[in-house]
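Input: a single structure, listed below in structure tokens.
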Amino acid sequence: MWRRRAMAGAWGGTLAGLLALTGCWPDGKGADAGRPGPTGSPAASAAAPSPSGSTAPGTLPTAYTFTPAPARVPHTPEQARRLTRAAALDPESWSAGMVAHDPYESGGSWPVLSAACSWSRSELPADVLDSYTRKIDVPAKEGRGRVLGSLTLTVHRDAAAADRDMQDTVQQSFRCPDQDLGDGQALHGLMSMHQPKESVLNADASLFEAGGFSSPESGGRQPYVWTKSRIGPVVMALSVKGAQGYEIRDLLPVAAEGAAKALYRIELELAP
């Protein structure tokens, strides 16, 4: 039962943070209340849980109390790789109809943001046991372009190192609201925020980011959302880059569903 409640709380908490950052909270009365996202997941079903304090069966959690089992926490790169591969989503487990990107997966390197606000890759830092990425998209259909999704799981040597990773991320968006991703891709006007600890129901800490995305194939600037969360020494980062025919509110259910499922899988790997 705790797993079902945790999954529901994870979905609601993730979407709540994304909606708060982007200012797209539905009021339950307009045309967007309960409108399905591009994968058919209703936004209304992801409403944030009520802070009732109840812990009765069938109710949502009001605080995050999960503690990783020490014996399940990775201490070697090999153990970390087993966790990241087991917890990573594939297209069907993210959401029905999503497809693998080409290239689909990568790992063993670390993103570095330069003083000029451009990204490159380097070797894993000493405090990182493994970092693994899968790219999964919503295919182009019905006059809409292809939405680009990405999920990265990183295992640090301890929770303190993972927390430093979280803290550094928001500072990067403050320093570089416009970022060069390479190959003609760029992010624009980024805004990041840490989610207040008392409202995080699916992780030890969470943050959210939103802005614009452009590439040679994007047809101009498109919406972009990104979320990052930590459970113990494991950090989950998930991005959704929009396409023609999508508004930012269309991307929120895609991001919330993927993040909630990935965090749930991390818990399963770390549970007793």
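Data for the structure
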quantity: Enumeration of residues in segment 217-249 that are touching a Pro at 6+ places or on another chain (Cβ under 6 Å) and more than 19 Å from Leu190 (Cβ to Cβ); calculated: Gly232
quantity: The lone exception for Pro253 - which of (1) surrounded by 23 or more Cβ atoms within 10 Å (Cβ to Cβ); (2) of a type outside the set (Gly, Ala, Ser); (3) closer than 28 Å to Ala126 by Cα it fails; calculated: (3)
quantity: Residue count, segment 198-216 (criterion: open to solvent by 20 Å² or more (accessible area, probe 1.4 Å), within 23 Å of Tyr264 (Cα to Cα) and not in a helix (DSSP H, G or I)); calculated: 2
quantity: So Leu252, is it touching a helix residue (DSSP H, G or I) at 6+ places or on another chain (Cβ under 7 Å), assigned to a helix (DSSP H, G or I), touching a residue at least 60 places away in the same chain (Cβ under 8 Å) and not basic (Lys, Arg); calculated: yes
quantity: Test: Ser239 is open to solvent by 10 Å² or more (accessible area, probe 1.4 Å), among the polar types (S, T, N, Q) and part of a strand (DSSP E or B); calculated: yes
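The values are calculated or read from the model by the stated rules, or taken from the named source; none is laboratory data. Every value quoted in this text rests on a predicted model; they were computed, and no experiment measured them. Heads up, the Cβs are rebuilt from the backbone with ideal geometry, glycines too, and the neighbour counts pull from every protein chain shown. Side chains are part of the model used for accessible areas, which takes the heavy atoms of the whole protein and leaves out ligands, DNA and RNA. Shrake-Rupley method; radii C 1.70, N 1.55, O 1.52, S 1.80 Å.
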